[in-house]
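To start, the structure itself, in structure tokens.
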Amino acid sequence: MSRHLVERESNGGRTVIAGLDGGAVHLKDDQLEGLASGIGRPLLRPGVDGWAAAVMLWNADVAKAPALVVQAASAQDVAAAVSFARDNRLLLSIKGGGHNIAGTAVAEGGLMLDMSGMNAVSVDPEARLARVGPGCLLQDVDRATQEYGLATVLGFISEVGVAGLALGGGLGYLTRRFGWTVDNLEEVEIVTADGQIRTANRAENADLFWGVRGAGANLGVVTRFTFRLHAVGPIVFGGFIAWPSERTDEILRAYRTMTGDAPRELAVWLLLMQAPPEPFIPLEWQGRKICAMTVCYTGELDRVDEVLAPIRALGKPIVDLLCEQPYTQIQSYLDDGEPKGLHYYWKTEFVAALSDGLLATVVDQFAECPVPGAELGFLHLGGALNERAEDDGAVGNRNAQYVLGVNGMWEPNEPRADAYRQWIRDAWQRQRPFATGRTYINFQTADDSQERVRASYGANYARLVDIKRRYDPGNQFRVNRNVVPTAVPESG
């Protein structure tokens, strides 16, 4: 539906909103006033105070806008909005943090449900549980839980929304110790397509809870998460260390060895990139290609020298910022590398091993990469996530050891943007033969096919389709990496 149709009709007191069938739905003012009255606050329209902040997305490459925004403050508000969208067959999207690369928080011309106001965090340190609102960012949860020296498995950019991260599975520096984010999810409160507020856990609505743990955006709107917490921090060891790009082959091979033998308390991201123009980078290295690691060690601090010995053995870094620091600082360390307002495009895969062929391919690609803001690299996984059964939650991917990514970013109106995207796609195709064939659903871009969605869930996809048919047969929740309820599931 064209953005130019997203406006109030002056001749009839109606608002035009995108419908589920692809057409336009004309709503009378009194219908919208009824919804606003039910939730106790006005709906946001283009141009009013608060509109720009409500619809802003991290990835400025996503050029979409809704027609209206409902700002929820309770599960009852969410239920009212979901029921209204269902009854009027409106295209509905859900915004938590707005950080998804594919822009799934926005339905073009549709109704956006903005959850940012539901951002409370309640920590029970005795039970080691955190109850988290769907509008929370990672930093909200980390700050609250670190007051007690506790943490759960979250991502590694502090401005990411908890809801989107968790509903797609979730991964971060603690994944090696405690599994996917959803392996640490104890319970959710969720509004399903019928407008009902349900509790789901391993005992109550267990099938729904199974699906939520990896494909939750397809099954409803979660209004409260309950996460299990673990003793982490508040002081850990880590930071950033980098070497000249001429040593990339050597560093990659050392990375393979050290990550294969690493204790679970150690997670190391490897990034091949241009050195940013930051004060901590020596001036003569800014803008030049470097081979870097970001490190997070959450174990006993008296073992740091032993655990980090393989990294120290590499010697002669151009910058070394590894030190003791708060866990919350580690969790925000990479924020400046992904600022809001740039255009982002990437392709990623899970890999089970770092073969010679894969490492050689990545070295060659880094040398020839024409995208100034590109990063090629690996996220270090494995460990606890590998010990659970493949069907323990929809997330699956229990053989993943690393995420392999080709990430690009550039300024708006970059004239070479199309060429950059094509280079990233071509690089990805060269990497795919070394991958598991599956990928992290939260890292999929808007142009990824439906086959990529199916492949992400593997053998779990058939069960997901069945659960989707029961809880959302009309596919109300479709503005996501969609599990289509009418699709014929494929095996494997």
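The values are calculated or read from the model by the stated rules, or taken from the named source; none is laboratory data. These numbers come from a predicted model, not from an experiment. Here the Cβ positions follow ideal geometry from the backbone for every residue, glycine too, while neighbour counts run over all protein chains shown. For the accessible areas, the whole protein counts, side chains as well, though only heavy atoms, and no ligand, DNA or RNA atoms are used. Shrake-Rupley method; radii C 1.70, N 1.55, O 1.52, S 1.80 Å.
Can you compute the charge dipole magnitude of the stretch 168-220 about its Cα centre, using +1 on each Lys and Arg Cβ and -1 on each Asp and Glu Cβ, nothing else charged? Give it in debye, rounded to the nearest 20. Numbers along the way, then the final one.
Values: 5 positive and 7 negative charges, 62 e Å.
That gives a dipole near 300 debye.
The stretch 352-392 to the stretch 293-307: how many Å between their Cα centroids?
22
First check a/c for the stretch 21-65, with a ≥ b ≥ c the square roots of the eigenvalues of its C-alpha gyration tensor; if it is under 1.5, answer rounded, and if not, answer prolate when a/b is larger than b/c or oblate otherwise.
Numbers: a/c = 2.82, a/b = 1.40, b/c = 2.02.
Here the stretch 21-65 falls in the oblate category.
Projected onto the charge dipole of the stretch 56-187 (+1 at Lys/Arg Cβ, -1 at Asp/Glu Cβ, origin at the Cα centre), which of Ala107, Val160, Ile94 gives the Cα projection farthest towards the positive end?
Ala107
Could you give me the radius of gyration and the Dmax of the stretch 107-155, taking only the C-alpha atoms into account and expressing both in angstrom?
13.5, 46
Taking GluC sites (Glu not before Pro) as exposed when DSSP calls them loop (any state but H, G, I, E, B) and at most 15 other Cβ atoms lie within 10 Å, what is the longest stretch of the chain free of them, the sites themselves excluded?
Free of exposed loop sites, the longest segment is 8-125.
Please give the per residue accessible area of the chain, computed with a probe of 1.4 Å over protein heavy atoms only, in Å². Walk me through the intermediate numbers first.
Details: 18680 Å² over 492 residues.
Spelled out: the 1.4 Å probe surface of the chain, per residue, equals 38 Å².
State the Cα centre-to-centre distance between the stretch 216-270 and the stretch 433-481 in whole Å.
25
Can you run the Rg to Rh ratio on the chain? Use alpha carbon positions and the Kirkwood inverse-distance Rh. Let's see the in-between values first.
Details: Rg = 22.5 Å, Rh = 23.3 Å.
My calculation puts Rg/Rh at 0.97.
Using Cα-Cα distances under 8 Å and only pairs 6 or more residues apart, what relative contact order does the stretch 135-246 have, in percent?
On the way: 184 pairs, mean separation 31.4, N = 112.
Computed value for the stretch 135-246: 28 percent relative contact order.
What is the distance in Å between the Cα centres of the stretch 101-147 and the stretch 408-429?
Going from one Cα centre to the other spans 31 Å.
Any idea what the dipole of the stretch 361-492 comes to, in debye rounded to 20, about its Cα centre with Lys/Arg Cβ at +1 and Asp/Glu Cβ at -1?
My answer is approximately 460 debye.
Dipole size in debye (nearest 20) for the stretch 228-337 around its Cα centre, Lys and Arg Cβ +1, Asp and Glu Cβ -1? Present the calculation step by step, with values, prior to reporting the outcome.
On the way: 10 positive and 15 negative charges, 63 e Å.
Roughly 300 debye for the stretch 228-337.
List the lysines whose alpha-carbon lies under 30 Å from that of Lys316, not counting same-chain residues fewer than 8 positions away?
Output for Lys316: Lys289.
Out of residues 5 or more away from Val236 or on other chains, whose amide H comes under 5 Å of its own, with H placed 1.01 Å from N in the peptide plane?
Those qualifying (amide H under 5 Å, at least 5 residues apart or on another chain) are Gln325, Tyr327.
Helix-only mean residue ellipticity at 222 nm, the chain, DSSP H runs n ≥ 4 weighted -39,500 (n - 2.57), per residue, nearest 500. What is it? Walk me through the numbers on the way to the answer.
Details: 15 runs with 132 residues, N = 492.
About -7500 deg cm²/dmol.
Place +1 on the Cβ of every Lys and Arg and -1 on the Cβ of every Asp and Glu in the stretch 171-241, take the dipole about the Cα centre, and give the residue among Gln196, Val221, Ala231 whose Cα lies farthest towards its positive end.
The one lying farthest along the dipole's positive direction is Ala231.
Summing Lys, Arg as +1 and Asp, Glu as -1, what charge do residues with Cβ under 10 Å from the Cβ of Leu57 carry, Leu57 excluded? Could the numbers behind the result be given before it?
Values: positive: Lys64, Lys95, Lys340; negative: Asp61.
Neighbourhood net charge equals +2.
Mind listing the phi-derived Karplus ³J(HN,Hα) values for the stretch 458-470, rounded to whole Hz, using 6.51, -1.76 and 1.60 with θ = phi - 60°, and x for any glycine or proline?
Coupling constants for the stretch 458-470: x, 5, 6, 5, 4, 5, 4, 4, 4, 5, 4, 4, 7 Hz.
Taking the Cβ of Gly238 as the centre, find all other residues whose Cβ is under 13 Å away and add up their charges (Lys, Arg: +1; Asp, Glu: -1). Don't skip to the answer; put the middle values down first.
On the way: positive: none; negative: Glu265, Asp320, Glu324.
Local charge sum for Gly238: -3.
Place +1 on the Cβ of every Lys and Arg and -1 on the Cβ of every Asp and Glu in the chain, take the dipole about the Cα centre, and give the residue among Pro370, Pro485, Phe84 whose Cα lies farthest towards its positive end.
So the residue we want is Pro485.
Can you give the net charge of the other residues whose Cβ lies under 11 Å from the Cβ of Asp356, counting K and R as +1 and D and E as -1? Can you show the working numbers first?
Numbers: positive: Arg253, Arg256; negative: Asp249.
Once positives and negatives cancel, what remains is +1.
Do you know the relative contact order of the stretch 363-416, to the nearest whole percent, from alpha carbon pairs under 8 angstrom that are 6+ apart?
Values: 51 pairs, mean separation 23.1, N = 54.
Dividing the mean separation by the residue count of the stretch 363-416 yields 43 percent.
Tell me whether the stretch 279-359 comes out rounded, prolate or oblate; compute the Cα gyration tensor, take square roots of the eigenvalues as a ≥ b ≥ c, and use a/c under 1.5 as the rounded threshold. Numbers along the way, then the final one.
On the way: a/c = 1.36, a/b = 1.17, b/c = 1.16.
It is rounded, given that a/c, with a ≥ b ≥ c, falls under 1.5.
Got the relative contact order for the chain handy, in percent, Cα pairs under 8 Å and 6 or more residues apart? Intermediate values should be presented prior to the final figure.
Numbers: 1120 pairs, mean separation 74.4, N = 492.
Once normalised by length, the contact order is 15 percent.
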